[in-house]
1. Can you confirm whether GLY53 is at pLDDT 90 or above and not in a helix (DSSP H, G or I)?
2. Based on this model, can you work out whether VAL75 counts as of a type in the set (Val, Ile, Thr) and either closer than 22 Å to HIS18 by Cα or in contact (Cβ under 8 Å) with a residue 24 or more places away in the chain (or both)?
3. Select from segment 49-64 the residues that are open to solvent by 30 Å² or more (accessible area, probe 1.4 Å) and out of contact with any Gly (no Cβ under 8 Å at 6 or more places or on another chain) and list them in ascending order.
4. For VAL60, are the conditions met, namely being in contact with an Asp or Glu (Cβ under 8 Å, 6 or more places away or on another chain) and of a type in the set (Val, Ile, Thr)?
5. Of the conditions (1) open to solvent by less than 50 Å² (accessible area, probe 1.4 Å); (2) over 13 Å from the mean Cα position of the chain (by Cα); (3) in contact (Cβ under 8 Å) with a residue 12 or more places away in the chain, ARG16 clears all except one; give me its number.
Amino acid sequence: MSSTHHFPASSRLIEREHFILIVKWIASILQIMGYSATAFGFTPLNIYLFLIGLVGWFSVGLLWRDKAIMLIHVVALAAMIAGLITA
């Protein structure tokens, strides 16, 4: 009998957390790039970067069931849409 135990549930949890970690960092980097693009006047690239970062962080909020993260990114999306409509 093998002494090695496999814990598929814990393995899935680790994979899920690793996935979330990757999404968080990619979304964060893209949002920072969006700020930089705004500072240097690279439009509409800044909007695309912000949008991708925003969707990434909203997804993290969903996966974590974190309403505060979801709220701030829904509000940011609404503000971005309002700004695009009135521009």
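1. no
2. Here the answer is no, as VAL75 does not meet what is asked.
3. LEU51, ILE52, VAL55, TRP57, PHE58, SER59, LEU62, LEU63, TRP64 - these are the residues of segment 49-64 that are open to solvent by 30 Å² or more (accessible area, probe 1.4 Å) and out of contact with any Gly (no Cβ under 8 Å at 6 or more places or on another chain).
4. Against the criterion (in contact with an Asp or Glu (Cβ under 8 Å, 6 or more places away or on another chain) and of a type in the set (Val, Ile, Thr)), VAL60 qualifies.
5. Every condition holds for ARG16 apart from (1).
The values are calculated or read from the model by the stated rules, or taken from the named source; none is laboratory data. All values derive from a computational prediction rather than experimental measurement. Quick reminder, even Gly has a Cβ in these numbers, built from the backbone with ideal geometry, and neighbours come from all protein chains shown. Protein only, heavy atoms only, side chains kept; ligands, DNA and RNA dropped before computing areas. Shrake-Rupley method; radii C 1.70, N 1.55, O 1.52, S 1.80 Å.
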